[in-house]
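A short reminder: the numbers here are calculations on the coordinates, not readings from a lab. Not measured: the values here are computed from a predicted model. Using ideal geometry, Cβ is built from the backbone for each residue, glycine included, and neighbour counts are taken over all protein chains shown.
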Amino acid sequence: MIIFECLPFFLSAGVGGYLVLAAFFPSLRHTDWNKWKIYASYNDSKPRFWSRSLGLLKARKPAAEGELTETSANIIYVGLGLALLFIALLGIRHLAGVPEIFPDIFEKLT
């Protein structure tokens, strides 16, 4: 069914819409919305998530962390949100065929 094939794109549209709205409406943001963390990569080829969830291993510590300014966080939220909305629009256009005014860039792949 078309609905199930379009489900990832509907999800992408929902997340993208939330990000754009959260950038413009502060009441939609969570408390630590502008904090970022960078984690170092694993040396282990098979990370043991189940052992970490049972408390046998400690969770990784971030290699770097900080806070973005409100302006730069808004720019990232709007940019990522618009990118996700564009991906959703192209995916739904490819699978469902509407709206016709947007070209189907995936047509050559199928």
Between E65 and S27, with labels modelled 7 Å along Cα→Cβ, what's the label distance in nm to one decimal, could you check? 3.0
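Arranged from highest to lowest average of other beta-carbon atoms within 10 Å per residue, in what order do the peptides 76-85, 4-13, 31-40 appear? Can you show the working numbers first?
Details: 76-85: 16.9, 4-13: 14.6, 31-40: 11.3.
Top of the packing list down: 76-85, 4-13, 31-40.
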Going by average Cβ density within 10 Å per residue, which order do the peptides 19-29, 86-96 take, highest to lowest? 86-96, 19-29
